[in-house]
Amino acid sequence: MDKPIYAALKSIGACIPDRIVTNDDLAQIVDTSDEWITKRTGIKERRFASSNQATSDLAINAAKVALNRANIKPSDIDMVIVATISPDFLCMPSTACVVSSALGIVGKPAFDISAACSGFIYLLSLAKSFIESKTCKNILIIGAEKLSSIIDMEDRSTCVLFGDGAGAAVIGATCDISKSILDVNISSNGEYQDFLMTPGCGSRNPITNDTINDRLQFIKMKGNETFKIAVKTLTNDVVEILKRNNLSKDDIDFFVPHQANLRIISAVGEALQFPDDKVAKTVHKYGNTSAASIPITINELFEEGKIKDGSRLLLDAFGGGLTWGSALLSFNSV
Ligand code: COA
């Protein structure tokens, strides 16, 4: 019988745009304040890409770091998947095709997925399946967003929350289960689709002067409702994945939740009784970067020396759709 093959995270990389936008900068544009944003969200600043940078540009930079750290040539990548809600182009080509071409990955499948802030967990689930079914040996996954292109700078309740960035990982095959992505759990519930959405410019409300004048191309959010369901779902998700793997919080080196709001992160961390220093936080610096937030945060833990080869990570995300998911994995650095 063939030896079982497992999927492992082999490297991480990120790209954070240079331009820092502080809460005080936003207070020049909308009726808000550093005090309000800090108290309600924990966000102090975020990054906005420049006008000539698209989502793929951030994705390509993040991917180059991940490929380099994995010591893998583009020709060894069998598939490229990008999770984004702010693709370069509304319909086609996919951002993954743009990224593949720029990296010199030719003749391999490349496609985007849409799972909003849960995008990176969905990517892990897909990559794990393709590798463990022996369809692929190495997959490049990227969560990348230029959310500054889809936030309404006239809506103070949303424009203060989001930022731009990208995070990438190489997922490769291993025979060593202790190095693997142990488990991934992904879910959705479209009943709550209107909690977080961009209502315009798709086939439901095609692009017309009216849709644009009504600003339907931008993110709309029911903040309070989203907040409550996020805390409950993120907490339950972790309890379930730990239970089904016979693990406890003490077996986890770092809890890496999606970075949307410090109050959500703290509420979930406290409900699960994780010590505060085991809960990863980057939301104060980057805001909510949707599909990019978890890989950016893992990259930061790695670059700061807080995680090393063999560290066990528990990831947990929640986002528009609604979608959510969690993952248990070993961090590996080649
Ligand atoms: N600056 C100042 N005041 C603001 C503001 C801003 N940026 N945004 C909203 N307000 C005002 C509202 O207009 C409201 O004023 P009113 O009472 O006079 O009507 C007041 O602040 C309270 O608004 P509310 O929406 O109830 O605030 P909140 O405590 O729920 O905080 C969020 C708002 C968005 C920070 C919070 O709901 C949240 O974090 N939700 C989850 C968002 C999220 O994480 N989404 C992504 C999930 S992936």
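Report yes if D155 is under 29 Å from D31 (Cα atoms) and touching a helix residue (DSSP H, G or I) at 6+ places or on another chain (Cβ under 8 Å), otherwise no. Spell out how you get there, then give the answer.
On the way: under 29 Å from D31 (Cα atoms): yes; touching a helix residue (DSSP H, G or I) at 6+ places or on another chain (Cβ under 8 Å): no.
No: the conditions fail for D155.
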Apart from one, (1) touching a strand residue (DSSP E or B) at 6+ places or on another chain (Cβ under 8 Å); (2) open to solvent by 10 Å² or more (accessible area, probe 1.4 Å) all hold for A96; the odd one out is (2)
For the stretch 13-59, the count of residues that are of a type in the set (G, A, S) and within 11 Å of the ligand (Cβ to nearest atom) equals 3
Residues of the stretch 243-300 classified as over 25 Å from L58 (Cα atoms), touching a residue at least 12 places away in the same chain (Cβ under 8 Å) and of a type in the set (D, E, K, R), total:
6
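Looking at the stretch 195-203, can you tell me whether even one residue there is among the β-branched types (V, I, T), surrounded by fewer than 20 Cβ atoms within 10 Å (Cβ to Cβ) and away from the ligand (no atom under 16 Å from the Cβ)?
no
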Quick check, is I81 part of a loop (DSSP other than H, G, I, E, B) and aliphatic (A, V, I, L, M)?
no
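Given the criteria open to solvent by less than 40 Å² (accessible area, probe 1.4 Å), over 19 Å from D57 (Cα atoms) and in contact (Cβ under 8 Å) with a residue 12 or more places away in the chain, does D183 qualify? Walk me through it before giving the result.
Details: open to solvent by less than 40 Å² (accessible area, probe 1.4 Å): yes; over 19 Å from D57 (Cα atoms): yes; in contact (Cβ under 8 Å) with a residue 12 or more places away in the chain: yes.
Here the answer is yes, as D183 does meet what is asked.
Let me confirm something: among D57, D88, which residue is under 19 Å from the mean Cα position of the chain (by Cα), open to solvent by less than 50 Å² (accessible area, probe 1.4 Å), among the acidic types (D, E) and over 19 Å from T135 (Cβ atoms)? Spell out the reasoning first.
On the way: D57 fails: open to solvent by less than 50 Å² (accessible area, probe 1.4 Å).
Unique residue meeting the criteria: D88.
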Which condition from (1) in contact with a Phe, Trp or Tyr (Cβ under 7 Å, 6 or more places away or on another chain); (2) over 22 Å from G119 (Cα atoms); (3) part of a loop (DSSP other than H, G, I, E, B); (4) not charged (D, E, K, R) is the one that V21 breaks?
(3)
In the stretch 99-128, residues that are open to solvent by 10 Å² or more (accessible area, probe 1.4 Å), part of a helix (DSSP H, G or I) and touching a residue at least 12 places away in the same chain (Cβ under 8 Å) total 8
Is at least one residue of the stretch 67-88 free of Cβ contacts under 8 Å to residues at least 24 places away in the same chain and more than 16 Å from the ligand (Cβ to nearest atom)?
yes
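Looking at the structure I just gave you, is A49 surrounded by 22 or more Cβ atoms within 10 Å (Cβ to Cβ), farther than 20 Å from A115 by Cα and in contact (Cβ under 8 Å) with a residue 40 or more places away in the chain? So that I can check it myself, show each step before the final result.
Values: surrounded by 22 or more Cβ atoms within 10 Å (Cβ to Cβ): yes; farther than 20 Å from A115 by Cα: yes; in contact (Cβ under 8 Å) with a residue 40 or more places away in the chain: yes.
It is true that A49 is surrounded by 22 or more Cβ atoms within 10 Å (Cβ to Cβ), farther than 20 Å from A115 by Cα and in contact (Cβ under 8 Å) with a residue 40 or more places away in the chain.
The values are calculated or read from the model by the stated rules, or taken from the named source; none is laboratory data. The model shown is predicted, which means the values in this text are computed figures rather than measured ones. Note: ideal-geometry Cβ built from the backbone for every residue, glycine included; neighbour counts use all protein chains shown. Just the protein is used for accessible areas: all its heavy atoms, side chains included, with ligands, DNA and RNA removed. Shrake-Rupley method; radii C 1.70, N 1.55, O 1.52, S 1.80 Å.
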